[in-house]
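What follows is one structure encoded as structure tokens, with my remarks underneath.
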Amino acid sequence: MEYLLLLGAGIIAGSLNSLAGGGSFILYPALLLAGVPPVIANATNTFASLPGYVSGAIGFKKDIIKYKSKLPAYILAAIIGGYLGAEVLLLVSDAQFTKVVPWLMAVAVFFFAFGSKINAWISAHSSGERRGAKTGAIILLLLLTLVCFYGGFFNAGLGIILLAFFALAGFKDIYAMNGLKLLMSAIVSLIAVVRFTFAGSIAWQAGSIAFIGTLIGGYVTAKLAHLIPTNILRAGIIIYGVIMVIVFFWSAYF
């Protein structure tokens, strides 16, 4: 039963991560129910979510390649942020971070919902000078590094926060945003998993079963996502994000 629980949770988590992020909210509790201790469950969740991110990114490769000029800087931010986040996780307890997560999620949903309008306002009031453009690009890169730090520290909700970042950065193609989100999540998770492996913080048996599930769910959902109208997908992501904010607040403060 534990194996079926983990496999099913993995498939659902992979599907959610491929569409809107937040699959960890399914997988992390399943690992706890399977008897994995909280801190190890958190690291194991990152490991088990990795194939869903990778397979999902492959499914969106045609959308990702449109922005290949931005990939080197984004990948560097993911590597640095992911490693630092994983390193800090090994020093700070999950209980301390739990109090912060709801606020981060609320900000993420806000920026995903209104990021494009904020970006349009900033563009309209910008002087257009090259120095200003460079400064803006540097700030966005630092912000992405911070988001990836979050992902290395606590994987849950990373997808929504990344979507918020890409909306703030001016992206409007929801499918490209999803693809880039999955690519960044894959890199962050890979770096974190390597660090957790050296620290002995992954439950390999339970994680491997969930790993298979996320691989299946992520790839299949990425292939079918283009059948969903953009406006419906965006609305679904916002609604899903609001629900996750409520869940986080309830878990942390009640």
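The values are calculated or read from the model by the stated rules, or taken from the named source; none is laboratory data. Here the structure is a predicted model, which means the values were calculated and not measured. Cβ: placed from backbone, ideal geometry, glycine included. Neighbour counts: every protein chain shown.
Can you pull out the residues in segment 227-254 that are surrounded by 15 or more Cβ atoms within 10 Å (Cβ to Cβ) and either in contact with an Asp or Glu (Cβ under 9 Å, 6 or more places away or on another chain) or hydroxyl-bearing (Ser, Thr, Tyr) (or both)?
Once the filter is applied, which keeps residues that are surrounded by 15 or more Cβ atoms within 10 Å (Cβ to Cβ) and either in contact with an Asp or Glu (Cβ under 9 Å, 6 or more places away or on another chain) or hydroxyl-bearing (Ser, Thr, Tyr) (or both), segment 227-254 yields only TYR240.
Of these, GLY152, GLY157, which one is of a type outside the set (D, E, K, R), buried (at least 24 other Cβ atoms within 10 Å of the Cβ) and on the phi > 0 side of the Ramachandran plot?
GLY157
Please tell me if LYS99 is out of contact with any strand residue (DSSP E or B) (no Cβ under 9 Å at 6 or more places or on another chain), surrounded by fewer than 19 Cβ atoms within 10 Å (Cβ to Cβ) and within 27 Å of LYS172 (Cβ to Cβ).
On the way: out of contact with any strand residue (DSSP E or B) (no Cβ under 9 Å at 6 or more places or on another chain): yes; surrounded by fewer than 19 Cβ atoms within 10 Å (Cβ to Cβ): yes; within 27 Å of LYS172 (Cβ to Cβ): no.
Here the answer is no, as LYS99 does not meet what is asked.
Can you work out which of the residues in segment 102-140 that are β-branched (Val, Ile, Thr) and exposed (fewer than 14 other Cβ atoms within 10 Å of the Cβ) is modelled with the lowest pLDDT? Quick ask: steps written out before the conclusion?
Of the residues in segment 102-140, the ones β-branched (Val, Ile, Thr) are 107, 109, 118, 122, 135, 138-139.
This time we only want the ones that are exposed (fewer than 14 other Cβ atoms within 10 Å of the Cβ), so: 107, 122, 135, 138-139.
Details: VAL107: 83, ILE122: 60, THR135: 79, ILE138: 88, ILE139: 89.
Selected residue: ILE122.
Condition first: out of contact with any Leu (no Cβ under 7 Å at 6 or more places or on another chain), in a helix (DSSP H, G or I), under 30 Å from GLY136 (Cα atoms) and in contact (Cβ under 8 Å) with a residue 60 or more places away in the chain. Can you find one or more residues in segment 47-59 that meet it? Step through it out loud before you land on a result.
Here is the first cut: in segment 47-59, the ones out of contact with any Leu (no Cβ under 7 Å at 6 or more places or on another chain) are 47, 54, 58-59.
This time we only want the ones that are in a helix (DSSP H, G or I), so: 47, 54, 58-59.
Retained after the next criterion (residues that are under 30 Å from GLY136 (Cα atoms)): 54, 58.
Okay, now just the ones that are also in contact (Cβ under 8 Å) with a residue 60 or more places away in the chain, so 54, 58.
Yes, there is a match, as at least one residue in segment 47-59 is out of contact with any Leu (no Cβ under 7 Å at 6 or more places or on another chain), in a helix (DSSP H, G or I), under 30 Å from GLY136 (Cα atoms) and in contact (Cβ under 8 Å) with a residue 60 or more places away in the chain.
Each row is one residue, and each column tells you yes or no for (1) free of Cβ contacts under 8 Å to residues at least 60 places away in the same chain; (2) not in a helix (DSSP H, G or I); (3) not polar (S, T, N, Q).
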position: LYS172; (1), (2), (3): yes, yes, yes
position: MET177; (1), (2), (3): yes, no, yes
position: LEU182; (1), (2), (3): no, no, yes
position: SER185; (1), (2), (3): no, no, no
position: SER189; (1), (2), (3): no, no, no
position: ALA192; (1), (2), (3): no, no, yes
position: PHE198; (1), (2), (3): yes, no, yes
position: ILE202; (1), (2), (3): no, yes, yes
position: ALA206; (1), (2), (3): no, no, yes
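Among what's in segment 27-58 and is farther than 23 Å from VAL92 by Cβ and surrounded by 22 or more Cβ atoms within 10 Å (Cβ to Cβ), pick the residue that is nearest to the chain's Cα centre (by Cα). Write out each step before concluding.
Residues of segment 27-58 that are farther than 23 Å from VAL92 by Cβ, as a first pass: 30, 33-35, 51-58.
Retained after the next criterion (residues that are surrounded by 22 or more Cβ atoms within 10 Å (Cβ to Cβ)): 30, 51-53, 55-57.
Working: ALA30: 18, PRO51: 13, GLY52: 11, TYR53: 9, SER55: 14, GLY56: 12, ALA57: 12 Å.
Only one residue tops the list, namely TYR53.
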